[in-house]
Amino acid sequence: MEDIAIVGVGQSNFSRKCGVTIKELIFEAFKEAMEGLDIVNSDIDCSIICSSLYDSQRSAEGPVSEYLGLNPQPTFLIENACAEGSTGLRTAWALIKSGLHDIVLVIGIEKMSGQTSREVAEMMGRAYDVTWESSLGLTMPAGYGMIARAHMAKYGTTEEQLANVRVKNSFYSVKNPKAAFRKEITLQGVLESMPVASPLKMLDCCANADGASCVILAKGDVAKRIARIPIWIAGLGSGSNTTMGRRNSYTSFTNAKKAAEEAYKMAGVGPGDIDVAEVHDCFTIAEIIAYEDMGFARPGEGPKLVEEKETYLEGRIPVNLDGGLLCKGHPVGATGGSQIRTIVKQLRGDAGDIQVKDAEIGLAHNIGGIGHYANVTILRR
Amino acid sequence: MGFETFEKFGIVTHTKESKAADFVTYLEQGKVMATKCKKCQINYFPPQVDCPKCLLSDVEWLEVKGNGKLLTYSMVNYGPLGFEDKAPYFLGVGEFADGVKIFATLSKDIKETDIKVGMALKVIPVKSNDKVFFELQAAG
């Protein structure tokens, strides 16, 4: 049933300022993804570029595909806010499943250092409804601040419990040479950081970054021929959500739950079968919500999961052992691919210091906007 | 058709024209209005004049009256472009009768220590220079 595999993964260093062009940054990720693969550029049937294009380049797919030697094969851009990386993967899967292509390359890219934080905040703010939301000053942290406040009001979640997520992810960040922020942070450090959008403080938030990722997918028989250890795509799920004022829930992303249900069903597994997970921790509260939406914890019990260290390497369900968005940095278009890379390395047994023993099934949860777009991907060795 | 009056809406305006421009006229008259599809009887807030269910554009305007309650909120300490001087400001979602929920700024008249999930609210129009928008205000 699992007839499409990931054969290559790569990412650039994630940093606050890369100092190179987006094409050069992508090359780093492409090179890593092609390592050990028995193919040449012309074997790649199609390239998909996933980006919200915070850099000046528009239609990045042209210059990027040329730089990687992928002309005249088809190439196109996907924009889906912070979820575009996994939307690219889903699209690549469909292109292969349809029989149209055998090998598809999914690039994620964002270069955000060319703009001031305020400019980025304003551009990000225009990813909401510009008519009714951006016009009233909605920002990404404010949206997640409202989610956090609702979770606190409903379940008694505390700021300390949110901060536990950053403490965990920073603990692992020092083991990830490609993370932008590699420093252990204490609970006190998070709690004393500058307020951004209550109840979220600076260290509850991920930072804008420059970075690229690359995922290469292939049809089953091709994958077995060209890759040492193909990692199979077992389940895919996806969903969308409304503007902030029309939500049915402010303590859960109902579309992420839908996406998880679809992915679990397709893979024939449940939350208890997941050995290792990457979730979209753009804010500490986002990781808590993800535990609950993915079924790792019951509604309201997400805070306890990290408090009891169940999402640490030795715990029941290790989550974001690569430092997460909170510590890697969040180059919007590159994030989904970076999550997939971490899971693929885990399932190959190549994860080094953060290897989960005998990991066979992994899950990646990638969100766009304030829960507007959600993709869940389940991979199997 | 006068759709361009919509450019008065918002603290910052990104959308200058809308078929829902009557919303701005009502705001100037002191009323915050939702739309209701006459055929499907579905309320829309933010207002929209097109109904995706029946594909008709036959709505009536109805005023959002009475008290609602605050579902959630956040104090924004760092505003984006156009909001630099506004921060800190509060954003929240209020729930009103007939399933109408409203995302808006919270009035600066509400004392910070009084802001709580569940507090009673009303929605009020605000005029500021040549702009109009709506805010959530403490009820009673």
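Across segment A:123-164, what is the number of residues that are at the interface with chain B (Cβ under 10 Å from one of its Cβ atoms), in contact (Cβ under 8 Å) with a residue 12 or more places away in the chain and either over 21 Å from residue B:72 (Cα atoms) or among the charged types (D, E, K, R) (or both)?
6
Over 13 Å from the mean Cα position of the chain (by Cα), hydrophobic (A, V, I, L, M, F, W, C) and away from chain A (no Cβ under 12 Å): which single residue out of B:117, B:59, B:76 fits that description?
Result: B:59 is the single residue among B:117, B:59, B:76 that is over 13 Å from the mean Cα position of the chain (by Cα), hydrophobic (A, V, I, L, M, F, W, C) and away from chain A (no Cβ under 12 Å).
Go through A:378, A:361, A:340 for me and flag whichever is surrounded by fewer than 24 Cβ atoms within 10 Å (Cβ to Cβ), touching a strand residue (DSSP E or B) at 6+ places or on another chain (Cβ under 9 Å) and more than 29 Å from residue A:196 (Cα to Cα).
Testing whether each residue is surrounded by fewer than 24 Cβ atoms within 10 Å (Cβ to Cβ), touching a strand residue (DSSP E or B) at 6+ places or on another chain (Cβ under 9 Å) and more than 29 Å from residue A:196 (Cα to Cα) leaves just A:361.
Need pairs with beta-carbon distance below 6 Å; first residue over 20 Å from residue A:153 (Cβ atoms) and within segment B:81-98, second among the small types (Gly, Ala, Ser) and surrounded by fewer than 18 Cβ atoms within 10 Å (Cβ to Cβ); sequence gap 6+ or separate chains.
Filtered contacts from segment B:81-98: B:97/B:66.
Quick check on segment B:111-138: of everything there that is at pLDDT 95 or above and part of a loop (DSSP other than H, G, I, E, B), which residue is nearest to residue B:10 (Cα to Cα)?
The qualifying residue nearest to residue B:10 (Cα to Cα) is B:115.
Of the residues A:99, A:88, A:62, which single one is at positive phi and at pLDDT 95 or above? Steps first, please.
Details: A:88 fails: at positive phi; A:62 fails: at positive phi.
Of the residues listed, the single one that is at positive phi and at pLDDT 95 or above is A:99.
Hey, among the residues in segment B:66-80 that are in contact (Cβ under 8 Å) with a residue 40 or more places away in the chain and not in a strand (DSSP E or B), which one's farthest from residue A:117 (Cα to Cα)?
Checking each candidate, the answer is B:66.
Do we find that residue A:39 is of a type in the set (Val, Ile, Thr), more than 23 Å from residue A:119 (Cβ to Cβ), in contact with a Gly (Cβ under 6 Å, 6 or more places away or on another chain) and at pLDDT 95 or above in this structure?
Answer is no for this residue.
Restricting to segment A:223-245, name every residue that is crowded, with 23+ Cβ neighbours inside 10 Å and assigned to a helix (DSSP H, G or I).
The answer is A:223, A:244.
Within the bounds of segment A:212-220, is there any residue that is out of contact with any Ser or Thr (no Cβ under 8 Å at 6 or more places or on another chain) and either assigned to a loop (DSSP other than H, G, I, E, B) or surrounded by fewer than 24 Cβ atoms within 10 Å (Cβ to Cβ) (or both)?
Yes - at least one qualifying residue is present in segment A:212-220.
Which one of these does residue A:5 not meet: (1) modelled with pLDDT of 95 or more; (2) more than 22 Å from residue A:380 (Cβ to Cβ)?
So the condition that residue A:5 fails would be (2).
Just need a number here: residues in segment A:79-134 that are more than 30 Å from residue B:46 (Cα to Cα), assigned to a loop (DSSP other than H, G, I, E, B) and among the acidic types (Asp, Glu).
Count: 1.
Look through A:89, A:70 and report the one residue that is within 19 Å of the chain's Cα centre (by Cα), away from chain B (no Cβ under 14 Å), among the hydrophobic types (A, V, I, L, M, F, W, C) and under 18 Å from residue A:33 (Cα atoms). Please lay out each step first, then the result.
Numbers: A:70 fails: within 19 Å of the chain's Cα centre (by Cα).
So the residue among A:89, A:70 that is within 19 Å of the chain's Cα centre (by Cα), away from chain B (no Cβ under 14 Å), among the hydrophobic types (A, V, I, L, M, F, W, C) and under 18 Å from residue A:33 (Cα atoms) is A:89.
Would you be able to tell me the number of residues in segment A:165-204 that are free of Cβ contacts under 8 Å to residues at least 24 places away in the same chain, touching a helix residue (DSSP H, G or I) at 6+ places or on another chain (Cβ under 6 Å) and more than 14 Å from chain B (Cβ to nearest Cβ)?
Residues in segment A:165-204 being free of Cβ contacts under 8 Å to residues at least 24 places away in the same chain, touching a helix residue (DSSP H, G or I) at 6+ places or on another chain (Cβ under 6 Å) and more than 14 Å from chain B (Cβ to nearest Cβ): 3 in total.
The values are calculated or read from the model by the stated rules, or taken from the named source; none is laboratory data. Computed from a prediction, not measured in an experiment: that's the story for all the values here. Quick reminder, even Gly has a Cβ in these numbers, built from the backbone with ideal geometry, and neighbours come from all protein chains shown.
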